[in-house]
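Worksheet: one structure, shown below.
The values are calculated or read from the model by the stated rules, or taken from the named source; none is laboratory data. Keep in mind that what you see is a predicted model, and the values were worked out from it rather than measured. Cβ coordinates were reconstructed from backbone atoms using ideal geometry, including for glycine residues, and neighbour counts include every protein chain displayed. Heavy atoms of the whole protein, side chains included, go into the accessibility calculation; ligands, DNA and RNA do not. Shrake-Rupley method; radii C 1.70, N 1.55, O 1.52, S 1.80 Å.
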Amino acid sequence: LRFFLENVRESDINPEAKKQLLSAAHDHMITFPEFQAWLIRATKVDPGLKNTFAAEHYHASIGSSHAETEHSWNKHTMSQNLRRMQYAVRGEVVIRADAMAAEGRKIIYTNIGNPHAVGQKPITYYRQVLSLCDLPPECGVDNPTVASGFPADAVERARELRAAIGDAGTGAYTNSQGIGKFRNDVAQFISARDGHISLPSNIFLTNGASSAIEFVLTGLIGGNRDAIMIPIPQYPIYSAIISRLGARQVGYYLDEDKGWAITERELEQRRTAAVERDGLDIRALTLINPGNPTGQVLSREDLEVICKFCAKHDSKHGVAT
């Protein structure tokens, strides 16, 4: 314990954490489980977030008479990276909101971008095409009465997609990168939009942006001294996955007074502190555009600052939209 306290960097633990441990050590001998629990708190991104309500809700659900049993897989033997991870949009506030909703309270959930949950109707055309793709052909696109229930453009589009999907239909596994025809369409769109060649073999279709973010970060992070630069404020999936993978986050702050702009000075200062002071290896810079939760769209000048910064320091960069 003394060796740890003498060698740990102050920047690697939350403020006041070291003082708390030393104070506890004056009262009694610190056990390993106690130190492990402290270490989780000390290395959390936000030490103020505690799942107290979740714990209370769990104990209430199992009843006071339930005997505590130490299983082989528990909070001490589980992945400590996972235990340390925080994902605010699914955390204690949401758990509390669910409990209040169960009591009959009206809750408006704003923790994630979910317009349907607050009353926005889905786009009819997309739902029609999806329905026709999911339905057996004899009940959908090949049914003699399909025109009475679906518009012609939706039927035509569904036939195109079903041909690309194949006879197995939408319930079967696809190529690990996604259906080839869909990747061709994406590549053609990128080529037309950006004016350079886009190869379908370089396109990966994922089940939402969150899966893509996790795939990329998993491929980039190789050790606990690796770090990812992320904007502050940010959508918390980045800090959550970085923590779960055992890496470090290096936040660069957006300038609210300038419309949440990115400045070269901010990027350089944060990188210098992380690399030269903390000895971290910056593996990537995360760019969120349009901003989440800030909502801004980065200007060309902002994008140029980021691209030049990454080129200067030989960094990779990810884009989430």
### Query
When only C-alpha pairs under 8 Å and at least 6 residues apart count, what is the relative contact order of segment 113-227, in percent?
16
### Query
Let a ≥ b ≥ c be the square roots of the eigenvalues of the Cα gyration tensor of segment 111-180; is it rounded (a/c under 1.5), or, if not, prolate (a/b larger than b/c) or oblate?
oblate
#### Entry: With all protein chains modelled, accessible area of Ser79 [1.4 Å, Å²]
60
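Quick one: if the Förster radius is 22 Å, what FRET efficiency do Lys312 and Asp255 give, using the C-beta to C-beta distance and rounding to 0.05?
On the way: r = 20 Å, r/R0 = 0.92.
Plugging the Cβ-Cβ distance into 1/(1 + (r/R0)^6) gives 0.60.
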### Message
If I model a spin label at Ser211 and His76 as a point 7 Å from the Cα along the Cα→Cβ vector, what separation in nanometres do I get?
### Response
3.9
### Summary
The aspartates and glutamates whose Cα lies under 16 Å from the Cα of Lys18, excluding any fewer than 8 residues away in the same chain, are Glu6, Glu10, Asp27, Glu34, Asp46
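Taking 0.36 nm per residue of separation and subtracting the Cα-Cα distance, what length does fully extending Thr218 through Ala25 add? Write out the running numbers ahead of the final one.
On the way: separation 193, 0.36 × 193 = 69.48 nm, distance 3.73 nm.
Result for the pair: 65.7 nm of gain on full extension.
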### Task
Go ahead and run the numbers for FRET between Tyr87 and Phe35, Cβ-Cβ distance against an R0 of 41 Å, rounding to 0.05.
0.95
### Task
At most 14 other Cβ atoms within 10 Å and a DSSP loop assignment: could you name the trypsin sites (Lys or Arg not before Pro) in segment 74-132 that fit?
Lys75, Arg105, Lys106
